[in-house]
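The values are calculated or read from the model by the stated rules, or taken from the named source; none is laboratory data. In this text, all values refer to a predicted model and were calculated from it rather than measured experimentally. Here the Cβ is made from the backbone with ideal geometry for all residues, glycine too, and neighbour counts use every protein chain on show. Each accessible area value is taken on the protein alone, full model and side chains, heavy atoms only, with ligands, DNA and RNA left out. Shrake-Rupley method; radii C 1.70, N 1.55, O 1.52, S 1.80 Å.
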Amino acid sequence: MSKIFETSIYPYTRHADQDSPTPARHKVAVIGAGPIGLAAAIDLAKQGIEVVVLDDNDKVSFGSRAICFAKRQLEILDRLGSADPFVEEGVEWDVGRVFFDEREVYDFNLLAEDGHRRPAFINLQQYYFEKYLVDRALELQAQGAPIEIRGKSKVEALAQHDDHVTLDIGTPDGRYQIEADWLIACDGAGSPTRRMLGLDFVGRVFEDNFLIADVVMDAPFPTERWFWFDPPFNRGQSALLHKQPDNVWRIDLQLGWDIDKDEEKKPENVIPRLKAMLGEDVKFELEWVSIYTFQCRRMEKFRHGRTIFAGDSAHQVSPFGARGANSGIQDTDNLVWKLKLVIDGLAPDTLLDSYDTERVLGAEENITNSTRSTDFITPKSSMSRLLRDAVLDLSESYEFARPLVNSGRLSVPAIYDGSPLNSADALSGPAISRPGSPCPDAPLPDGFLLDHLGDSFVLVTIDADAPESFEDDGIIVTRLALSVRDDRTLALKNRYLGDAPSGVYLIRPDQHVAARRETFDETHFRAALRRATGKE
């Protein structure tokens, strides 16, 4: 067993807050030092917002848990200054294969075009993901950024007020209290914060269970995603195989609904299932075993006064499609820049309501896709199974049937169509870069486009004139001047101009497009900035 699970990486130490005669006040408190909480805290600290992270653990997660991280999330990590170790350690993959019974019916490639800095997906155990985020947080702390992580600090009670939240924290030295102007709850699917506020999920729990096994083995399988429907080693069910670092392989096996979970997790029952899949002669070692039930649910609202929910505490989806942690990272990406503007007095409090609007939309999209995946993977009637099997048979020979096969629609970034922060599209440009969409990356002479966008509003001009900057109500927008003449790959033209001769884009701090038009018009872009910051 890897020692990474057993090592305290943010150990408990007594803090001056515990000896304060009155509760210390903090700008932002984050509950949960998992991937989502750490990403939120790093983003805040990087932008100068004081933040304290509270967790009742002091170690990384046990077991692989979330393993599949998409290109958009790696781009967000680039903005946080920490993507390189993730990509260096992670297993890159672009190809997936779908099997039905004993035969392969088709394969697919997720990154069919060049001109992106990051791969389509990497596989990386969640404990590595958390470790590298903790490393980044401690690096920022050493540089003087206002961030701290308090281990063995369990939030046991909270109270909401008009202008702050009060938290009661249990520690090895006893209980103490702090206050925070804002609270971000990233404490997982079972969120104690949600329970303490008397809130709940709405949605579906599916009648099926899946066994997860992390298996250490030196196997000849390629670095690809393999998914089986009705395989001979798990008849009537499904299976998934993925490679992770350190020769660890993730295996998911569908078990059905009426099972004894404790019995199914015992090695004497898991090992025969794995041998049936891998072969009697393959030597392997079990590293971690768990069982999960499909759930597609969310809170009705993610913002409740001064408390804001992100990640699994706000929404749950089935793991096929890698939409859980990836969606949670998009939550914090959407939230933090808005919270910063509100804290700095540069935007109204109501800007945070757009976090609800945009991220509920993202959650609904994920839940819809996850529900469809679950219905396809686990048909609930003989007729639906017959239809599914017919689609799989057709997909072997007919390309039109392949989009109908649903082994988990893989995570894609949310596009905030219809967001109140968007301005009307004023450019006949590509749909991929319309208002509400995340900026597609493109190669530049000195690197990649997304590396030049940073954490603030940017005016990207492509073969168009504009001032080097403009300011509106305290918010400064700086210009990034580009030309398709410098792009031999034509990626910039194809992704941002199409047939238009020029383009001007207003980019939000989370690298989503707020507005675009063919040329710069100051009145238009000032209005777009005010709309994007909740002032219109």
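Under 5 Å between amide hydrogens, built in the peptide plane, is the criterion, and for Lys152 it picks out Asp55, Asn57, Asp58 among residues at least 5 positions away or on other chains. One way to sum up the overall shape of the range 395-531 is the equivalent ellipsoid from its Cα gyration tensor, whose semi-axes run 30, 18, 14 Å, largest first.
Please label the shape of the range 65-131 as rounded, prolate or oblate, based on the square roots a ≥ b ≥ c of the eigenvalues of the alpha-carbon gyration tensor (a/c under 1.5 means rounded; beyond that, a/b larger than b/c means prolate, else oblate). Verdict is oblate for the range 65-131.
Cross-link reach is defined here as a Cα-Cα straight distance under 30 Å, omitting same-chain residues fewer than 8 places apart; for Lys340 the lysines meeting it are Lys27, Lys46, Lys59, Lys71, Lys131, Lys152, Lys154, Lys301, Lys535.
Among the trypsin sites (Lys or Arg not before Pro) within the range 379-412, which fall in a DSSP loop and have no more than 15 other Cβ atoms within 10 Å of their own Cβ? For trypsin sites (Lys or Arg not before Pro) across the range 379-412 that sit outside H, G, I, E and B with at most 15 neighbouring Cβ atoms in 10 Å, the list reads Lys380. Remark on the range 48-199: ratio of C-alpha radius of gyration to 2.2 N^0.38 Å is 1.34. Highest-first packing order for the peptide set 337-349, 282-294 is 337-349, 282-294, based on the mean count of other beta carbon atoms within 10 Å.
Considering only protein heavy atoms and a probe of 1.4 Å, how much of the accessible area of the range 8-117 is carbon and sulfur, as a whole percent?
Accessible surface attributable to carbon and sulfur in the range 8-117 totals 45 percent.
Element breakdown for the range 430-536 at a 1.4 angstrom probe: carbon and sulfur atoms account for 48% of the accessible area.
Would you mind getting me the FRET efficiency between Asp393 and Thr489? Use the beta-carbon distance for r and R0 = 41 Å, nearest 0.05. Taking R0 as 41 Å, the efficiency between Asp393 and Thr489 is 0.55. Remark: relative contact order (the chain) = 14 percent; criterion is Cα-Cα distance under 8 angstrom and separation of 6 or more residues.
Solvent exposure of the chain, expressed per residue, is 40 Å² of accessible area, with all protein chains present and a 1.4 angstrom probe. The Cα center of the range 217-273 and the Cα center of the range 47-99 differ in position by 23 Å.
The HN-Hα couplings worked out from phi for the range 508-516 by the Karplus form 6.51 cos²θ - 1.76 cosθ + 1.60 (θ = phi - 60°) are 6, x, 8, 6, 9, 6, 9, 7, 7 Hz, whole numbers, x standing for Gly and Pro. Short to long, the 20 Å bins of the Cα pair-distance histogram for the chain hold 21, 53, 25, 1 percent of all pairs. Ligands, DNA and RNA left out, the accessible area of the range 222-381 computed with a 1.4 Å probe is 45% carbon and sulfur. For Ile291, the residues whose amide H sits under 5 Å from its own are Ile212, ignoring neighbours fewer than 5 places away on the same chain, with H placed 1.01 Å from N. Relative to the current alpha-carbon distance between Glu102 and Thr357, full extension at 0.36 nm per residue lengthens the span by 87.3 nm. Of all aspartates and glutamates in the structure, those lying under 16 Å Cα to Cα from Lys261, and not within fewer than 8 positions of it along the same chain, are Glu207, Asp208, Asp252. Based on the Cβ-Cβ distance from His161 to Ile476, what FRET efficiency comes out when R0 is 41 Å, to the nearest 0.05? The formula returns an efficiency of 0.80 here. Counting only aspartates and glutamates at least 8 places from Lys275 when in the same chain, those with an alpha carbon closer than 13 Å to its own are Glu285.
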